[in-house]
Structures are given as structure tokens and as C-alpha cells.
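**Q** I'd like to ask some things about the structure below.
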Amino acid sequence: MSFGTAKTLSFVERWLPHPLRILEVGCGDGDLASALVERGHEVVALDSDPAAVSAARARGVDARVATWPAFEGGMFDGVLFTRSLHHIEPLEGAVTRARELLRPGGRILIEDFAPAEMSPRFLSWLRGELSRIGEEWHQDPVHPFADIRRVVGSHFTIEYEADTPYCYRYFSDDDAKRIYDAELALAERPLGRRLVASLR
């Protein structure tokens, strides 16, 4: 399990602590989904990338190629948006569909980021770190996290919000812990955002 997956897993298990039926939107290679399955959860994992879905299936995950919110798969106790909601269109439809697929008492968990809120000093540091590994910072248009929070809050009761480091996810596991700690030390506010909300 990667450093990043371990961080996300601890967040998820805090709010979905016993075996439940969970939908993960944006599963990637299935690292988180497989860890949840190992802990007794029933997980359906979605991604729009067939190669990622194949990798997740190889881990034993019920992974499916799907484009959210066009998905039918029964009802769930939790819906996870693991660094995916920022680019799903339309945002309102994405959140509404999550609400429709949640059982009574269900929760939506969001782990995302707020790139527009980076200070120039922090952006300069991040660019320097990425340059060191031969990468460049480039940011496609994404939903501002303020918009994500507003739309989620219009459909759910928000139970929890927190800032958390995010930039380490651009780096290999060899560098992840150092980048995680550096973001905590350098950023006026860490780039990552976590949100938990429940059905009203």
C-alpha cells in the first residue's frame, strides 16, 4: 500500500468504520479499493480509464469502466470521491447522483484539493520540487473547492471539514513523506481538502 493510500484509508475508515457497501468514484489502479475489500467492505470501484480498471480488477476489486454520473449499480452506504470530483461535469449532477445512490444514513466522503488557493511562495516551492524530478506544474481547469463545498452543502449535512497535504501525491513513495511534511511546514494552508457529509 502506498503512503498516499494509507493516508486516505485512515480518513475513510474513521467515517465508514465497519463493513459497508461503498462506491469509489475515480478508483485509479484500485489501491484504496483493494485495501477496503481486505477490511471487509463490499466495494464497487469506478474509473473512466479502461487500463486503470484492468489494474484494479487484477487486485481483486469489482472495478467498472464508467463515466460519472451515468452509473447504475444499486444502493450504497458510502460514496467516495477520491481526488476526482474537481473535474467531473456537471458538478451539480455529480453530487445529486451520489445522493440518489445513498441508503438512509449514508455518507459522502470527498478528498480533493484547492489549487487556486496556493500562495505564490508555495507554488514556487512546488515547481522547484517537481523540476527536481523532471516534471512541471500544470493545472487543468477544475472546480474551485468553494463550489464543491457549496453544492455538497445544498444536498447534504456537512459533518466534517479539514485541510490536509496534497502535493506529495505527485511524487513517488520515496519522496512522499518528505513532501508531505514540507507542505505542512511551508504552506500557509495545505492544498488538500477533505469533506464528509450525510443525508439530511
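**Q** Out of curiosity, is residue 192 among the small types (Gly, Ala, Ser), surrounded by 12 or more Cβ atoms within 10 Å (Cβ to Cβ) and within 18 Å of residue 2 (Cβ to Cβ)?
**A** yes
**Q** Out of all the residues in the range 69-84, which are at pLDDT 95 or above and within 24 Å of residue 139 (Cβ to Cβ)?
**A** Taking the range 69-84 and keeping what is at pLDDT 95 or above, we get 75-81.
Those that are at pLDDT 95 or above and within 24 Å of residue 139 (Cβ to Cβ): 80, 81.
**Q** Looking at the range 1-102, what helices (runs of 4 or more DSSP H) fall wholly within it and have at least 3 residues that are touching a residue at least 40 places away in the same chain (Cβ under 8 Å) and surrounded by 14 or more Cβ atoms within 10 Å (Cβ to Cβ)?
**A** Output list reads 3-15, 91-100.
**Q** Could I ask something else about it? Among the candidates 132, 127, 200, single out the residue that is within 19 Å of residue 15 (Cβ to Cβ), surrounded by fewer than 16 Cβ atoms within 10 Å (Cβ to Cβ) and over 20 Å from the mean Cα position of the chain (by Cα).
**A** Matching residue, one of 132, 127, 200: 200.
**Q** Here's another thing I want to ask about it. Among residues belonging to the range 128-169 that are of a type in the set (Gly, Ala, Ser) and either outside any helix (DSSP H, G or I) or touching a His at 6+ places or on another chain (Cβ under 6 Å) (or both), point out the one that is farthest from residue 196 (Cα to Cα). Full working, then the answer.
**A** Filtering the range 128-169 for residues of a type in the set (Gly, Ala, Ser) gives 128, 131, 134, 146, 153-154, 162.
From what's left, either outside any helix (DSSP H, G or I) or touching a His at 6+ places or on another chain (Cβ under 6 Å) (or both): 134, 162.
Details: 134: 35, 162: 9 Å.
It comes out as 134.
**Q** Is it the case, given these coordinates, that residue 106 is crowded, with 22+ Cβ neighbours inside 10 Å, in contact with a helix residue (DSSP H, G or I) (Cβ under 8 Å, 6 or more places away or on another chain) and modelled with pLDDT of 90 or more?
**A** no
**Q** Of the residues that make up the range 166-187, is at least one within 17 Å of the chain's Cα centre (by Cα), touching a residue at least 12 places away in the same chain (Cβ under 8 Å) and over 24 Å from residue 133 (Cβ atoms)?
**A** Within the range 166-187 (the criterion being within 17 Å of the chain's Cα centre (by Cα), touching a residue at least 12 places away in the same chain (Cβ under 8 Å) and over 24 Å from residue 133 (Cβ atoms)), the answer is no, since none of the residues qualifies.
**Q** When residue 139 is evaluated against the numbered criteria (1) touching a helix residue (DSSP H, G or I) at 6+ places or on another chain (Cβ under 7 Å); (2) surrounded by 13 or more Cβ atoms within 10 Å (Cβ to Cβ), which criterion, by number, is the only one it fails?
**A** The one condition residue 139 does not meet is (2).
The values are calculated or read from the model by the stated rules, or taken from the named source; none is laboratory data. Computed from a predicted structure; not experimentally measured. Every residue, glycine among them, receives a Cβ derived from its backbone with ideal geometry; neighbour counts consider all protein chains shown.
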